[in-house]
Amino acid sequence: MNPIRRRLARGAAALTVAAALGGSSLGMSMATAQSSDAQPSDYQPCDPNGTRTVDLLLVIDQSSSLNRPEVDEGGEIRREALLEIRDLLEGGWLLDDNGSPRGIRVALVGFDTSVYYHAPSFEPAATGADPHPSDEEIEAAVQSPSGDAAFTDYGEALRAALDVFDSSRSDCRVMVWFTDGLHNPVPGRTPAEIEGTRELRNEVCRTIHPELEQAEIQTFAVLLGNEFFEPEQPEMASLSKAIIHAVTGHSDSSVMADLQSAVRCEEIDVQTGEILAAGEVDELINTLIKAVFSTDPTIWQWPCDAGRDGSETHGVPLPSSTYIDWMEALAFGGEIESYALLDNSDPDPDWQRLEANRLRLESDDLRGLSAGWALKIRVRPDDGAIPESVTLECYGKAVDQPLRMRASVPDAEGGKLAANAPYTLSVYMGPYECPVDAGSFVLVPEFPTGARPNHGCEQGQNVEFDYSCGTPDEETPVTHFTGKLTPRFFENLLRRGGLTLDVTVEADFACTPPPPPPPPTTTPPTTTTPPPPTLDCDTSQRVDGEWVDEEFFGDVMVECIVAPPTGGASGFGAVEVTTPSDGWDFQIEGAGGADRRTIDSSGLPSDVVVADDLPRQGPWDRVGEVEIALEWTQPEGAGSETIGVGPEHPGWVDPLEFYRYWPTLQCFGVEEVRFKGDVPQEPLQAATQCAAAGPGMGSLQLSLEWTVETDAPTRGLLESVDWGFHPQSESDVEARLVMLTESERLDPISFVTVGPLENERYEGNGVLRMRAVWLLPWDEQRTIDEIDVRIEVDLMRRAIWWLAALLVVTAALITYTMLYAIMARSARLPSAKRFFARRLEFQAHMDRAGNLTSAALDNISMDADRLVNVKGDRNTLRVEDLSIRAEHPRWSQFRSILDGGWGRPSLKSDRHIFGTHPVHSRGISSTAAQFTHLAVIALRTGAGAPPGAASGIAYLLVPKSAHDAQAAQFVAEVPNDVLRRMTATYLGDVGETPGDPSEEAADPGPPQPPAPPPRAPSGPPPRVRTQDGAAPPRDRAQDETPPPRRPRQSPDRPEEPPPRRG
C-alpha cells in the first residue's frame, strides 16, 4: 500500500459567532445542540432520482454584531468561509453519475435591516471570467454597510430570498440562511418591537411560508449564538424561533425544544428545511459544508464514530477502495488529532497527524484498501471538555458511474449460444474487485429480458451469472447489459433511497435459434463419412498476468476451439502451432510445452489455448504472425487434410494497460494567466489549477516550453522570458525540469520566471506548454499528456521612486488636511435641546482619606420644578452662569487630532477650578465633546473662596428622555466622585485644608458659613481595658488629625493634568 498523502483542511474557516458572546464561550447549550443535531438526518432537500440542477442561495447576516473585535472584526473568518464554499462548488467535487458537473449554481445576498444583492443571479460566470461569486462580491458580503447602527431583520432576508428565486428554473432550490442572533430590527427591546415581531411571525405563517412551499424552496437555517438557548428576552426568542420553525418545519430540532405550541404556526405540518447549530467558531465552515453536501443526492454519509474508547474512534467496515472517489470527516466540538487506515493486510498501521477539524481523503490516499477496512480517528476536545463531547460526521462519494465492465461466455462455440442451453456468464470487473455477495449484483441483458443475480465471489475480479438465451426466433446479438452493484459493506453507507452503483457491461456474443426439426423420411439414412471438426480461433489476442513491483508476469494468448460437426465426428487429429516470426515462441497450453497436441474425436469439443511468455520488462514492441492448423484423419482410409490456418498478426501487446499506478497530469478548468500593471521587482509567478502525480515505478518528467504568439502585436523581449517550475518549499529552487517518483505530487503546479524581468514595457501573448513524459525503468519513454497554459502580458515600466514618494507625501498631506477639516467640523457639543440642567451650590470638607466630599452632593433632588433648560448651540452650551465652549486641536497638533474635540467650562464671576464627567484626555477640567450625561463641579479659589471651607457649584445635565433609574444612578454617584478627583488641585491652589463644617447647605438655599471645628478634649482619652487586662490598640485618629494627601495615581495610568482655573 502506497504511503497515505493527506490534505489538511483550510484552517479553521468559519463565518461568525454570536454577537452577545466573546472569545470561545458559546456555552454548554450551543455545544449540546451541535452534538444532538450533528447526527445523520433523514432530511434531504433534493430528490436523488430526479435532480439534475440545483440553485443554491446564500443569505448572509451583515449586522454590526458580526464585526465586533471579539467576534470577526474585518470579516476575515466569513471571507475565508465563503471562498471555501465557492472553491468547493467550482472544484469539481459535486459530480453526477457520468462524471460531469451536476450544475450547482450559486447566488449571494446579504441583509441587516436592509438587503444587499451582491450576486443575485444564479447564472455562472462566463468562461475565462472571474469566479462566481467574485472576490469583490464576497468582500462586500462580510462588511457591515450600515456601521454600528446595523441590526437584524428576518423579514428583509426572507422577502429577498423569494425575489431571487423568482428567476430560478432548477430541479431543486435550496437556501442557506445564516444569522447570528434573534430578530432585532431596532435597538433596544421595546413593546413596539415585540409587537412588530409578532406581526412578522403572522406574515411568515400566512404569506411567506406558503410562497416558499409553493416555490419548493428548501431552507438550511444556520444559527449562531447563545441567544437561541439562554435568551435575555424570552418573548423575542420565542417569536424568532417560531419564524425559523415556519421556514424550515424542523420541529424535532433541539433549538425548538422549548417552543410552545401556542407560538408555532398552525399551518406548518411538513418539513421543508433543517436547522443547523454550530458550537465553536471553527465549526461553522463544517456546518456550511454539511449543508452544501446535503444538496447533492450522490453524496452519502457513513458512521465513522461507531465505536469509541476515550479519544479514539473506530468507524464501520467499508467497501474496497476501488469503489470510492473521496471521503471526508468533519469534527464538531474539537479537532482531529490523527488518523489511521486499518486494513486487513496491515492490522497495525501508522498514525498520521492532522490537527484540524476536517479530514479529506482522495482516491490516491485510499489506494489498495481491501473490503472491510476501517478509519480510526483520535480526537482532541476543546479546552475544558471531555473527549466524548467531540462528534464526527463523515461523507463520501463513489467513483464515476456507470462502472464499465466486460462479459464473456467461456463455453460458447464461436461466440454463438444455443437456444435454451444453460451457460455461465463471466463478468470481468477490473479495476473493481470482489468480494460481492450472492444476489447483490443484478444484470439485465438486452436479450432476453429479465434480471439475473450473481453468484458470490470472495476475491479476484470475476463474477459469474447463470445465463440462457431462451428460444429466439432468429439470431440475436447481445452487446451490453445494464445492472446494479452493491459491493460488500455498502450497507454501512447511508443514503436516502439506498445506495447502489450503476453498471454497464459490454458483451460480444449472439443467441441462435433452435435448429429446424428434420423432415420426415421413409427411407433409411445413407451411411456416409461424417465431416471433419472445425477449428475456430479468436482473431484477437489477449494478455493475462499481473504486475509485481516493476516486473510483469504474464502471457499473450490466442484462444481456439475444435468443435465437432452436427451429429458428431470420427477419427483423430492434431493441432499444431507455427511461429515463423522472430522473437515469438508460441506453445500449446496443456501439451507440456510442445507446439503440437493430438485430439481424438471422443474429446470434442476441445479448447485450445496458444500462449507465449512476455518479457518481464518492456518495451513490448514485437509484431509478427502465428499459424494454428488442425490436421484431421478420417477413419477407413479417408485420408487427412488441413482444416484451417489462423490467426495471423497477434499484434502489439501492451501489459502497461494493466498497470494500476500510472502517472497523471490533470487540469481543472481553462488555464489562462494574465499579468497587468507595473513590472514587479520580483520574478513573475503564474498559478494554475493543475496537478501531477508520480507513477508507481519509474518517474514522471515535467518540462516547460515557452512560445510567443506571433499573430498579435508584441512589445518588449517576451522571447527572452525564461520560465521554470515554482519551488514547493524553501529548500527547492526553480527548475525547468521536475521529476516525480512514487508517492510524489506537485499540487498545484505553479510557474515562475528565472529571475526578475528587466524594467521595460512588455505586451503580448504566449503559450507555456507543459509536457509530462513517463520515464520507465527500462529504456522507454511515454508522453502522458501535453497541456498549454496561455499567458497574457501587459506590463508597464515601473515609476520613478522619488516621484512616487512625492506623490505619496502630497496625498498624505491632503488627506490629513481633509481629516482635520472633518474633525474640526464634527468637534461640536450635543444639542442643548436634549438636556435638562440642575444647579446646586454646596460646601465640602475633608474625609479621613484626605479627599474632598460633600453630603449635599449625595442627595441632589432632580424634581421637575428644580430643573432648568439648557441654552446655546452646538458650539456653546449655557446653564445660567456656566458656559461650556467646544474646542479642538490646532492643525499642527497631529498627535491629538484622533482624540477629537472637547468642551471647556467657564464662569463669569469669581475664581474657580473645574472638574468634569465625562472627562477628556486633556484633563479633568475638560469634558468629552459628546456625552449623554454631564457633571461639572466648580470650586471657588482665591479671594472669592470662603475662609476655612471649600465651597462650589455643581451643574448636572441629564437627557430629557433618560430613564428615571439611569438618571438617578448618575446623580447619586458621579458628583462626589468628580469632587474627590479635584482634591489635590484644590489644595495646591488654596494652600489650606478645609474644615469639617457641622452644617452643609440645604438643598436648595445659599451656602452657610462653616461651623467652628469642635474643641479637642483637654486630656488624653481614657484608657479602656479588655477582659484580659490588655489595652486595646491605639486609634491614630484619636491622637492626631491626618494631613491632607494627594490621591494616589494608578500605576498604569499617567497622572491627570490639574483642573483648569476659572
Open item on the list: So the check is Cβ under 6 Å with 6+ separation or different chains; which pairs have a first residue in region 281-301 that's farther than 19 Å from M327 by Cβ and a second one that's surrounded by fewer than 22 Cβ atoms within 10 Å (Cβ to Cβ) and at pLDDT below 75?
Closed with: D282/A12
Open item on the list: Anything in region 139-152 that is farther than 22 Å from I289 by Cα and either without any contact (Cβ under 8 Å) to a residue 24 or more places away in the chain or buried (at least 23 other Cβ atoms within 10 Å of the Cβ) (or both)? List them, or say none.
Closed with: T152
- [ ] Answer yes or no as to whether A855 is closer than 30 Å to K871 by Cα, surrounded by fewer than 17 Cβ atoms within 10 Å (Cβ to Cβ) and assigned by TED's automatic domain parsing to the domain that holds K871.
- [x] yes
Task: Boolean, V773 is of a type in the set (V, I, T), surrounded by 13 or more Cβ atoms within 10 Å (Cβ to Cβ) and closer than 18 Å to C667 by Cβ - done: yes
Open item on the list: Please determine whether any residue of region 444-461 is buried (at least 21 other Cβ atoms within 10 Å of the Cβ) and at pLDDT 95 or above.
Closed with: no
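For (1) touching a residue at least 60 places away in the same chain (Cβ under 8 Å); (2) exposed (fewer than 14 other Cβ atoms within 10 Å of the Cβ); (3) not hydroxyl-bearing (S, T, Y), each residue gets a yes or a no:
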| residue | (1), (2), (3) |
| --- | --- |
| W177 | yes, no, yes |
| G181 | yes, no, yes |
| P185 | yes, no, yes |
| I208 | no, no, yes |
| E216 | no, no, yes |
| Q260 | no, yes, yes |
Open item on the list: Anything in region 895-930 that is within 22 Å of Y816 (Cβ to Cβ) and either in a loop (DSSP other than H, G, I, E, B) or among the polar types (S, T, N, Q) (or both)? List them, or say none.
Closed with: R895, S896, G900, G901, S921, R922, A929
Open item on the list: I need the full set of residues from region 807-852 which are in contact with a strand residue (DSSP E or B) (Cβ under 6 Å, 6 or more places away or on another chain), outside any helix (DSSP H, G or I) and of a type outside the set (A, V, I, L, M, F, W, C), in order please.
Closed with: R828, R838, R839, E841, Q843, D847
- [ ] Go through region 469-517 and give me each residue that's more than 30 Å from Q459 (Cβ to Cβ), among the polar types (S, T, N, Q) and either at pLDDT 90 or above or in contact with a helix residue (DSSP H, G or I) (Cβ under 9 Å, 6 or more places away or on another chain) (or both).
- [x] T476, T512
TODO: Could you grab me the full set of residues in region 164-186 that are outside any helix (DSSP H, G or I), more than 23 Å from S65 (Cα to Cα) and not β-branched (V, I, T)?
DONE: D166, S167, S168, R169, S170, D171, C172, R173
Open item on the list: Suppose we filter region 667-683 for residues that are part of a loop (DSSP other than H, G, I, E, B) and either outside the structural domain of I749 (by TED's automatic domain parsing) or closer than 14 Å to R797 by Cα (or both); how many remain?
Closed with: 4
Open item on the list: Any residue in region 596-611 that is free of Cβ contacts under 8 Å to residues at least 24 places away in the same chain and assigned by TED's automatic domain parsing to the domain that holds P565 sitting within a Cβ distance under 6 Å of a residue that is of a type in the set (A, V, I, L, M, F, W, C) and surrounded by fewer than 19 Cβ atoms within 10 Å (Cβ to Cβ)? List the pairs, counting only those 6 or more apart or interchain.
Closed with: R596/A574; R597/A591
- [ ] Select from region 244-253 the residues that are surrounded by 19 or more Cβ atoms within 10 Å (Cβ to Cβ) and either within 27 Å of the chain's Cα centre (by Cα) or more than 26 Å from P45 (Cβ to Cβ) (or both) and write down the one among them that is modelled with the lowest pLDDT.
- [x] S253
TODO: Please tell me if I289 is among the hydrophobic types (A, V, I, L, M, F, W, C) and either modelled with pLDDT of 85 or more or in contact with a helix residue (DSSP H, G or I) (Cβ under 6 Å, 6 or more places away or on another chain) (or both).
DONE: no
Open item on the list: Please go through region 373-384 and give me each residue that is surrounded by fewer than 16 Cβ atoms within 10 Å (Cβ to Cβ) and either in contact with a helix residue (DSSP H, G or I) (Cβ under 9 Å, 6 or more places away or on another chain) or in contact (Cβ under 8 Å) with a residue 12 or more places away in the chain (or both), ordered by number.
Closed with: D383
Open item on the list: If I ask for residues that are touching a helix residue (DSSP H, G or I) at 6+ places or on another chain (Cβ under 9 Å), charged (D, E, K, R) and modelled with pLDDT of 80 or more, which ones from region 56-83 would you list?
Closed with: D61, R78, R79, E80
Open item on the list: What pairs come out if I take residues in region 830-844 that are under 22 Å from G900 (Cα atoms) and pair them with residues that are among the basic types (K, R) and buried (at least 17 other Cβ atoms within 10 Å of the Cβ) whose C-beta lies under 9 Å away, six or more apart or interchain?
Closed with: none
Open item on the list: Out of everything in region 187-197 that is assigned to a helix (DSSP H, G or I) and surrounded by fewer than 16 Cβ atoms within 10 Å (Cβ to Cβ), what residue ends up being nearest to the chain's Cα centre (by Cα)?
Closed with: I194
- [ ] For V623, state whether it is modelled with pLDDT of 80 or more and either more than 30 Å from G368 (Cα to Cα) or outside any loop (DSSP other than H, G, I, E, B) (or both).
- [x] no
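For every residue, the table says whether it meets (1) closer than 30 Å to T476 by Cα; (2) buried (at least 18 other Cβ atoms within 10 Å of the Cβ).
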{"residue": "A340", "(1), (2)": "no, yes"}
{"residue": "D365", "(1), (2)": "no, yes"}
{"residue": "T391", "(1), (2)": "no, yes"}
{"residue": "V399", "(1), (2)": "no, no"}
{"residue": "V427", "(1), (2)": "yes, yes"}
Task: Residues satisfying the stated conditions in region 49-81, i.e. among the polar types (S, T, N, Q), surrounded by 21 or more Cβ atoms within 10 Å (Cβ to Cβ) and not in a loop (DSSP other than H, G, I, E, B) - done: S65, N67
TODO: Output the residues belonging to region 86-132 that are within 30 Å of G196 (Cα to Cα), surrounded by 14 or more Cβ atoms within 10 Å (Cβ to Cβ) and either among the small types (G, A, S) or modelled with pLDDT under 60 (or both).
DONE: A107, G110, A119
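The values are calculated or read from the model by the stated rules, or taken from the named source; none is laboratory data. None of these values were measured; they are calculated from a predicted model. No Cβ is skipped: glycine too gets one built from the backbone with ideal geometry, and neighbour counts run over all protein chains shown.
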